[in-house]
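> Encoded as structure tokens, here's the structure I'll be asking about.
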Amino acid sequence: MTRPAHLPAVVMTTSVHLFSSTSFTPRLYPADRRATVRLGSRDVDVTLYADRADLARLRDLLAEVVDQLDAASGPTAA
């Protein structure tokens with residue numbers, strides 16, 4: 001996704017720790033081929049905004065990281 005010109009160019013770091021109780025709430029925008037995924041709850045959350053290509057890139061990266069982690073530490077229950 002290309003940053004629209006009307007948005008400021010800000011650099012920010014956010015850390016999110018995922019737990020079994022962390023909720024994931026997707027919202028689709030099919031006409032724009034993009035989606036948002038909210039991680040967290042009403043009180044504290046982070047929302048990821050991405051188009052389809054970047055979501056696929058993130059999916060592939062996460063799958064690769066899981067494979068690398070399994071190879072490094074041995075398979076575990078899903």
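> Quick one: helix 52-73 against the long Cα principal axis of the chain, what's the angle to the nearest 10°, folded into 0 to 90?
Between the helix axis and the principal axis of the chain, the angle is about 20 degrees.
> Restricting to DSSP loop positions (anything but H, G, I, E, B) with no more than 15 other Cβ atoms inside 10 Å of their own Cβ, which trypsin sites (Lys or Arg not before Pro) remain in the range 36-73?
Working: sites: 38, 42, 52, 57, 59; in loops: 42.
The qualifying sites are 42.
> Using a simple spin-label model with points 7 Å from Cα along the Cα→Cβ vector, what separation in nm is obtained for residue 73 and residue 16?
2.0
> Let me ask you something else. Report which label in [x] 3, 15, 17, 13, 11, 9, 9, 8, 7, 5, 3, 0; [y] 3, 15, 22, 20, 13, 9, 7, 4, 3, 2, 1, 0; [z] 3, 11, 15, 21, 21, 16, 8, 3, 1, 0 holds the value of P(r) over Cα pairs in 5 Å bins from 0, in percent derived from the coordinates of this structure.
Entry [z].
> Can you list the chymotrypsin sites (Phe, Trp or Tyr not before Pro) in the range 17-63 that are in a DSSP coil and have 16 or fewer other beta carbons within 10 angstrom?
Passing sites in the range 17-63 are 19.
> How do 20, 15, 41 stack up against each other in accessible area, from largest to smallest, with a 1.4 angstrom probe?
Accessible-area ranking of 20, 15, 41, largest first: 20, 15, 41.
> Using a basic spin-label model with each label point 7 Å from the Cα along Cα→Cβ, how many nm lie between residue 33 and residue 60?
Here the modelled spin labels are 1.5 nm apart.
The values are calculated or read from the model by the stated rules, or taken from the named source; none is laboratory data. Given the structure is predicted, the values throughout are model-derived calculations rather than measurements. Quick reminder, even Gly has a Cβ in these numbers, built from the backbone with ideal geometry, and neighbours come from all protein chains shown. We work out accessible area using only protein heavy atoms, side chains counted, and drop any ligands, DNA or RNA first. Shrake-Rupley method; radii C 1.70, N 1.55, O 1.52, S 1.80 Å.
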